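The values are calculated or read from the model by the stated rules, or taken from the named source; none is laboratory data. Please read all numbers here as calculations on a predicted model, not as lab measurements. Cβ placement follows ideal geometry from the backbone for every residue including glycine, while neighbour counts extend to all protein chains displayed. Ligands, DNA and RNA are excluded from the accessible area calculation, which covers all protein heavy atoms including side chains. Shrake-Rupley method; radii C 1.70, N 1.55, O 1.52, S 1.80 Å.
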Amino acid sequence: MNRSSRLAAYLRSATLISLLFISLGWPACSFGQTGWIPNDSLDIEKNLVKYGSARVIVGLDIPFKAMGALSSSVAVQQEATISNARQMLLNTLKANEVLKARTYQTIPFVALTVTSEGYQKLLANPIIKTIELDRLNTLSLAESVPLIGGNTAWSYGFTGQGQVIAIIDTGVQKTHPFIGAAKVVAEACFGSKDLRSSSSTFCPNPNENGDSFGVDTGVNCPRTIEGCFHGTHIAGIAAGNGANANQYFSGVAKDAQIAAIQIFSRIDSVDRCSPSPSPCLLTWNSDLNAALEWVFQNRASFQFAAVNLSLGGSGYEYTSQAQCDSEQASTKAAIDNLRSARIATIVSSGNDGFSNGLSEPACISSAISVGATTKTDQVASFSNSASFLDLLAPGVDIYSSVPINEYASFQGTSMATPFVAGAFALLRQADPASTVDMSLQRLVSTGTPITDSRNNITKPRINLERALTLSPSTKTSVSGRVSLNGSPVCARVLANGVGGYSCDAAGNFFLADVPVDGSSKITLFAWADGMNPYKNVFTPLSANTTVSILMSSSPCGSTGGNLIGNSSGIQQTNLSGNVYLSGTNTPVCASVLANGVSTFSCDGTGAFSLAKVPVDSNGQVTLFAWADGFLPHKLIFKPSSTQERHDLNMKIDCL
């Protein structure tokens, strides 16, 4: 293709993207900048000289909004914008200029391995906004559950049941008795095959990027490499269950499930591994971003409460979150997506002993940063600290599971981080409608204050007993009426875990003893057949709150349907099945209700089971399913036996 043809193709692509901006309600862009110098330019150029190539993460100069806050149609349009801009960039690079590319679907970044010629072409490309060096991260290593009130939280009934914690680390020995294969509901592996960078992947049967997915892909890396115990140790702190292992102790969220995601690569380079011996265990930012994106893309299948990142970067002391957000833009975008979907990213503050800054990615403003304390509630000397640190948790002499079927004690902010990840799982179980902000505020406001003697900064060490103790003054009754254009509506009403119905002749409902969340708010939902879901977040001003719920008709009408059949005369039946995204085998985590009996389909496969469902006076069962971001689903049928199976297909929109 000659110069004029390439220019014409470039302008056509730029015009298409500008039209997409307008369709998203964003102004059309004049692309990029020229004559600029990336923050990492010195390090990038050193890599080009030393290795003949450099791994970089390129930011595209297009508008971006956190995906969890977008409607499904706008999210699809934004992904199309990212895809078109990415392809426009890749089309400008020749084979000898870019040696490898990792692409992302939900954030406007591309990870590239470029030669000097390719790097110069990137600097001159007007669609590029940022260029980061693809840096390597290391593990944050250097009677704790009772100390944070975990045992008391269990006595309240909060054990993490129904929640999933993503452990992004060195993999997990899922056969360890403290964990158990049934607890690990999802697995993935991200690695880098890059001979120029002396990097090789541990992922079994990897794809071209070095990744693999499915059963046994998230297992721990080989123990012959120092540090491969780490992910199993972290998983045990967050969600280990001693009852299955004949142990007297358990992890924080002992009944939570785990997504085991292995992201570390083997590095055979004395220079890159220093001061550790070679080979060593490190992970690239580009692989970390891919793992974060995987969690976001699978959020409909698993009830993710938190992502645990017990890792850190280059040892640089970030004293400003603004600087960190700018220089770690790609990882921030991935964390922003998760936070907008109510998934917390919990990150270790680092073990450099900084008293005025954090390492990356803990310094990112949308991450939850965690420092370490001793068992006597002193800030550990190795723990990084700053005014913008979020929380503290135990991180010294922490005893937990390690491969193979053993236990060991370690210390570091790595060990403190899963205490907080487990805490988020308990809080999400206690308040299913809670956001990341709500849970964080609850932990901050109820934590035990600990002052760091190095800088006199006081931060809260998490205290689950206080965070999950609800006094009478923090409860209210919620009552009101559900209507459509003035007419009463029979709806399912749910407020901070307390449910009821508005199925009397007037559409009235009453919910007693509704607990407020950590931000003193109540999230009220209402669902009714053929109507759009209703959601209202409010702060109750008295012990009795009245709310008028005004429903609106869905343009789709009813989803689901009626199954023709004859009444069998049976009085009750046991129901089972799976909830899927319509037209696919993608599982959906949903609330399932049948004639007053309810459960969830959040095991990772979309499976649900309801025992002893009563049959109504017409010999029928009405089966509902509701999921965040999906249309309500209803199925009416006449059971013919005491064991019935029905799969439910959820729709995102009317199509």
Per principal axis, largest first, the Cα atoms of region 393-459 extend in Å by 38, 36, 14
Do the sum for the chain: with -39,500 (n - 2.57) for every DSSP H run of n ≥ 4, divided by all residues, what is the mean residue ellipticity at 222 nm, to the nearest 500 deg cm²/dmol? -7000 deg cm²/dmol
Work out from phi, with θ = phi - 60° and the Karplus expression 6.51 cos²θ - 1.76 cosθ + 1.60, the ³J(HN,Hα) of each residue of region 224-239, listed in order in whole Hz, and give x for Gly and Pro. 5, 9, 4, x, 6, 6, 4, x, 5, 5, 5, 4, x, 5, 6, 8
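On average, how much accessible surface per residue is there in the chain, in Å², for a 1.4 Å probe, leaving out ligands, DNA and RNA?
On a per-residue basis, 39 Å².
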Could you bin all the Cα-Cα distances of region 221-311 into 10 Å bins starting at 0 and give me the percent of pairs in each, rounded to whole numbers? 14, 37, 32, 16, 1
Over the chain, what percent of the accessible surface lies on carbon and sulfur atoms, probe 1.4 Å? 51 percent
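How large is the convex hull of the C-alpha atoms of region 593-653 per residue, in Å³?
Spelled out: Cα convex hull of region 593-653, divided by residues, is 92 Å³.
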Highest average packing first - 102-111, 282-291, Cβ atoms within 10 Å: 282-291, 102-111
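For H646 and D513, what does the FRET efficiency come to when R0 = 25 Å and r is the distance between their Cβ atoms, rounded to the nearest 0.05?
Working: r = 34 Å, r/R0 = 1.35.
Taking R0 as 25 Å, the efficiency between H646 and D513 is 0.15.
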Any idea what the alpha-carbon Rg over 2.2 N^0.38 Å comes to for region 450-517? 1.84
Quick calc of log₁₀ I(q)/I(0), region 166-205, Debye, one scatterer on every Cα, no solvent, q values 0.14, 0.15, 0.28 1/Å, result -0.42, -0.47, -1.01
How would you rank 411-418, 182-189, 495-502, highest first, on the average number of other Cβ atoms within 10 Å across their residues? 411-418, 182-189, 495-502
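Using a 10 Å cut-off on Cβ atoms, rank the peptides 618-630, 346-358 from the highest mean neighbour count down.
346-358, 618-630
Could you work out the mean projected area of the convex hull around the alpha carbons of region 128-225, in square nanometres to one decimal?
Numbers: hull surface 43.3 nm².
In nm², the orientation-averaged hull projection of region 128-225 is 10.8.
According to the Cα gyration tensor, what semi-axes, each the square root of 5 times an eigenvalue, does the equivalent ellipsoid of region 505-557 have, listed from largest to smallest in whole Å?
Working: eigenvalues 119, 37, 14 Å².
Rounded to whole Å, the semi-axes are 24, 14, 8.
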For region 163-308, averaging the sequence separation of alpha carbon pairs under 8 Å that lie six or more residues apart and dividing by its residue count, the contact order in percent is 36 percent
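More than 50 Å apart: what percent of Cα pairs in the chain qualify? Kindly include the intermediate steps, with their values, before the conclusion.
Details: 30294 of 214185 pairs.
So the portion of pairs separated by more than 50 Å is 14 percent.
Let me know the volume per residue of the alpha-carbon convex hull for region 348-436, in Å³.
Values: hull volume 10.4 nm³, N = 89.
Hull volume normalised by residue count: 116 Å³.
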Output needed: percent of Cα pairs per 5 Å distance bin for region 192-261, bins running from 0 to the one holding the longest distance. 4, 15, 17, 20, 18, 12, 7, 5, 2, 0
Can you compute the equivalent ellipsoid semi-axes for region 82-163, i.e. the square root of 5 times each eigenvalue of the Cα gyration tensor, sorted largest first and rounded to whole Å? 47, 17, 10
Length gain on complete extension for the stretch D504 to Y248, per 0.36 nm per residue less the alpha carbon to alpha carbon distance? 87.2 nm
Quick one: if you stick a label point 7 Å off each Cα along the C-beta vector at D653 and N544, how many nm between them? 4.5 nm
